[in-house]
Each structure stands twice: as C-alpha cells, then as structure tokens.
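Trainee: The structure is given below, and queries will be raised subsequently.
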Amino acid sequence: QSIAVRPTARGSVSLSSADPSAPPRIETGYGTSEADLATLRQGLRLSRELVAQPAFDGVRGEEAWPRVDLGDDAALDEYIRSTAHSANALGGSCRMGSDPLAVVDPALRVRGASGLRVVDASVLPTLPGGQLGATTFALAERAARIILGERAAGEAEAPAERRQEHAHALGAA
C-alpha cells in the first residue's frame, strides 16, 4: 500500500440539502493532484523494486496488484484513482483558526454556536505526516486544559463555598 502522507489534494464536506437527516455531500478529492499521483506512482514502483530483490526469492509469490505496466503513468493513475482511500486517518474537515473561514476558534469553540466545541482530528488545519491518534490525544488534553481553565476563571467570581467545592472536585483541596 502506498500512501501520500502529506497529500496536496483537498476534498470537502458540505450539506446535501436543508434536511438535517440527509447525509452530507462528501467530495474526497482523491486523484485530483498531480503531485499526489506522482508520489503514489513512485511508491508503487519502489514497492515492486524492493520485492524483486533476491532476499525475497523464497517468499515472493505472484503479484496480486497493481498488475499494470509500471512504465505507463496513465495506467498507474487509473489504478490509484480506483483504489484510493483515506488510510483510516480522516481530519481537517472543520478547520481551527483565527480567520473568518475557520469553523472553530483556537479554543475549539464552534463559530456561531454557543456552548459547542469540536475536539477531534477534524479541527486540524493541516494533517501531520502520520497517524492521527497521538495528535488527537494531545488536542484532547489541550482542550481539557482550556475548558478547565475557563471554568476556574468563572469560579473566581463565585461565592467562596462554590470555589472550595470546585477546588475539592479538582483534587486541589
């Protein structure tokens, strides 16, 4: 499996209708970037070259895929487009930022919605060059600190007994 770790193609997620139960319109953007196609073609060629090494002679079977002429860019591109997938790492569909196009602000609050935050890989403005698990954990830890910090700031103005209960709940008492 060849993966474009830092793809340049961009997809989109949008509403398909005004009906809230209707599924969203998802355009993946797979196969729309020449740079991504070139990266994946190179990966397929390198994979075949590696498996052709003498060290694999005793275990190498017949090639299952892509079964195309690796010198034919058009055939490789068709193979890539027909088999492309997300590598199970989806992110960036509701970007965090300070500009008007960002869906969430740097405190992960959804713009235009009160009391709603998004804390998952969808808020990443650019994808890291690897799996999203560790990045998502770090984001969740940061979100917890933001939320607890906001609550603690609000508690500073609360009556003394509520501040004491809050401190005890956080393990500070």
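The values are calculated or read from the model by the stated rules, or taken from the named source; none is laboratory data. The model shown is predicted, which means the values in this text are computed figures rather than measured ones. Cβ: placed from backbone, ideal geometry, glycine included. Neighbour counts: every protein chain shown. These area figures cover heavy atoms from the full protein model, side chains too; ligands, DNA and RNA do not enter into them. Shrake-Rupley method; radii C 1.70, N 1.55, O 1.52, S 1.80 Å.
Trainee: Among the numbered conditions (1) assigned to a loop (DSSP other than H, G, I, E, B); (2) surrounded by 15 or more Cβ atoms within 10 Å (Cβ to Cβ); (3) hydrophobic (A, V, I, L, M, F, W, C), tell me where LEU40 comes up short.
Mentor: Tallying (1) assigned to a loop (DSSP other than H, G, I, E, B); (2) surrounded by 15 or more Cβ atoms within 10 Å (Cβ to Cβ); (3) hydrophobic (A, V, I, L, M, F, W, C), LEU40 fails exactly one: (1).
Trainee: For the range 11-19, does any single residue satisfy the condition of being within 19 Å of GLY129 (Cβ to Cβ), under 28 Å from the mean Cα position of the chain (by Cα) and surrounded by 15 or more Cβ atoms within 10 Å (Cβ to Cβ)?
Mentor: yes
Trainee: Which of the residues belonging to the range 68-94 are at pLDDT 90 or above and either within 30 Å of ALA144 (Cβ to Cβ) or in a loop (DSSP other than H, G, I, E, B) (or both)?
Mentor: ASP72
Trainee: It is to be established whether one or more residues within the range 151-172 are over 13 Å from the mean Cα position of the chain (by Cα), at positive phi, modelled with pLDDT under 90 and open to solvent by 40 Å² or more (accessible area, probe 1.4 Å).
Mentor: So far as the range 151-172 goes, yes, one or more of its residues are over 13 Å from the mean Cα position of the chain (by Cα), at positive phi, modelled with pLDDT under 90 and open to solvent by 40 Å² or more (accessible area, probe 1.4 Å).
Trainee: In addition: Cβ-Cβ below 7 Å, separation at least six or inter-chain, first residue in the range 1-19 and modelled with pLDDT of 85 or more, second hydrophobic (A, V, I, L, M, F, W, C) and open to solvent by less than 80 Å² (accessible area, probe 1.4 Å): which pairs?
Mentor: Hits for this filter: THR8/ALA35; SER16/ALA22.
Trainee: Still on this structure, I have one more. With the checklist (1) touching a strand residue (DSSP E or B) at 6+ places or on another chain (Cβ under 9 Å); (2) within 22 Å of GLY31 (Cβ to Cβ); (3) open to solvent by less than 60 Å² (accessible area, probe 1.4 Å) in hand, flag the one item VAL104 doesn't pass.
Mentor: It fails just one condition, (2).
Trainee: Also, I was wondering about something else. Looking at (1) outside any helix (DSSP H, G or I); (2) closer than 20 Å to ILE3 by Cβ; (3) open to solvent by 60 Å² or more (accessible area, probe 1.4 Å), can you tell me which one GLY31 breaks?
Mentor: (3)
Trainee: Please specify each residue of the range 123-143 satisfying the condition of being within 21 Å of THR8 (Cα to Cα) and in contact with a strand residue (DSSP E or B) (Cβ under 9 Å, 6 or more places away or on another chain).
Mentor: VAL123, LEU124, PRO125 - these are the residues of the range 123-143 that are within 21 Å of THR8 (Cα to Cα) and in contact with a strand residue (DSSP E or B) (Cβ under 9 Å, 6 or more places away or on another chain).
Trainee: So, one more: Please find, within the range 43-87, the residue that is nearest to the chain's Cα centre (by Cα) out of those that are aromatic (Phe, Trp, Tyr) and surrounded by fewer than 16 Cβ atoms within 10 Å (Cβ to Cβ).
Mentor: TRP65
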